[in-house]
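Rule-based calculations on the coordinates, nothing more; no lab input. These numbers were taken from a predicted model, which means no experiment stands behind them. Glycine also receives a Cβ, built like all others from the backbone with ideal geometry; neighbour counts cover every protein chain displayed.
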Amino acid sequence: MSDRIAIPFGAEILVLTSEEFAQARERGRAMSVAPSPAASSADEPLLDSEELAAALHVPVTWIEQAARELRIPSMEFGRWRRFKRSEVEAHVRSEREGKRA
C-alpha cells in the first residue's frame, strides 16, 4: 500500500499518493521559478480606465463594467481602480482560448 497524503481543500479533502504529491509539488515549483512571458514587470505603469480603453480601443464603459463584474483584473485603491495592460491582455487572451477549446 502506498503512502497517502490528505490535503484540506475547502470543505473537501484531497487525497494524493506520495508520488502524485511529489509531482504536483515539482510542477508548482517550476511555475513559481519560471514566470510566463505574459507576466507583467514591476515597473509597468498602472493605467486608469480611460487610458486602458484608449490602449485597447474599447469604450471606457466596457472597461469599467468588466472590472466591476470581475471579468478583467484590476486593483482598487479606495474609490480608484487601476489596471496593468499586460494582465488585462493576458486575461482576455486566456478567456478567448478557453472558449475555443
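Between S18 and S94, what is the FRET efficiency for a Förster distance of 25 Å, r being their Cβ-Cβ separation, to the nearest 0.05? For R0 = 25 Å, the calculated efficiency reads 0.20.
Based on Cα atoms of the chain, Rg over Rh with Rh as the Kirkwood radius reads 1.14. For E44 and Q65, the FRET efficiency from 1/(1 + (r/R0)^6), where r spans their Cβ atoms and R0 equals 30 Å, is about 0.80.
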